[in-house]
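Encoded as structure tokens, the structure appears first; notes follow it.
The values are calculated or read from the model by the stated rules, or taken from the named source; none is laboratory data. Bear in mind that the values here come from a model prediction, so they are computed numbers and not experimental data. Cβ sites come from the backbone with ideal geometry, for glycine too, and all protein chains shown count toward neighbours. Surface areas here come from the heavy atoms of the whole protein model, side chains and all, with no ligands, DNA or RNA. Shrake-Rupley method; radii C 1.70, N 1.55, O 1.52, S 1.80 Å.
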Amino acid sequence: MTTTFENEGTTASTPVESSARTDLTGELIDAVLASLEDAKAEDIVTLEIGAKSSLADQMVIVSGRSHRHVGAIADYLVRDVKLAGGGNPSVEGMNTCDWVLIDAGDVIVHVFRPEVRGFYNLEKMWSPEPEDLPKYVS
């Protein structure tokens with residue numbers, strides 16, 4: 001949905017988030033988190049990234065205990081996203097199961113083995129910036 005504003009003969013469009021989209025995203029993240037809990041995923045972290053990136057509204061980062069556990073978490077998650085009406089998510093990394101990325105549109109899920117998760121440290125990269133850091137002026 002787009003709202004159009006007219007000002008002195010010019011037209012500018014601004015996207016407006018509809019409540020239907022917000023409800024769908026809420027239902028999707030609920031389905032994702034329930035699936036991850038059922039699959040015994042560990043160290044589940046959910047990050048709001050909508051203000052930082054247009055990739056998605058939320059990013060979920062989890063760990064599996066082994067290659068097999070990471071693959072099982074990803075398989076169950078893809079099935080549960082489809083059952084929840086989230087379409088057919090894109091999946092990358094199932095061939096090695098060190099790091100599996102599931103792109104479900106408004107929610108992106110990273111499933112890691114613990115060693116790989118520690119190496120890439122996505123939580124630090126995507127977490128909100130602390131407001132109390134000193135501002136340097138050049």
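Key figures
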quantity	calculated
Enumeration of residues in the range 32-82 that are hydroxyl-bearing (S, T, Y) and in contact with a Cys (Cβ under 8 Å, 6 or more places away or on another chain)	none
Members of the range 34-60 found to be of a type in the set (D, E), assigned to a strand (DSSP E or B) and either open to solvent by less than 100 Å² (accessible area, probe 1.4 Å) or touching a Gly at 6+ places or on another chain (Cβ under 7 Å) (or both), listed by number	E42
Qualifying residue in the range 95-107 (condition: surrounded by fewer than 14 Cβ atoms within 10 Å (Cβ to Cβ) and touching a residue at least 24 places away in the same chain (Cβ under 8 Å))	yes
Filter result (assigned to a strand (DSSP E or B) and either open to solvent by less than 20 Å² (accessible area, probe 1.4 Å) or under 18 Å from G64 (Cβ atoms) (or both)) within the range 82-94	V91, E92
Scan of the range 108-132 for residues that are touching a residue at least 12 places away in the same chain (Cβ under 8 Å), part of a helix (DSSP H, G or I) and either open to solvent by 70 Å² or more (accessible area, probe 1.4 Å) or among the aromatic types (F, W, Y) (or both), ordered by number	Y120, W126
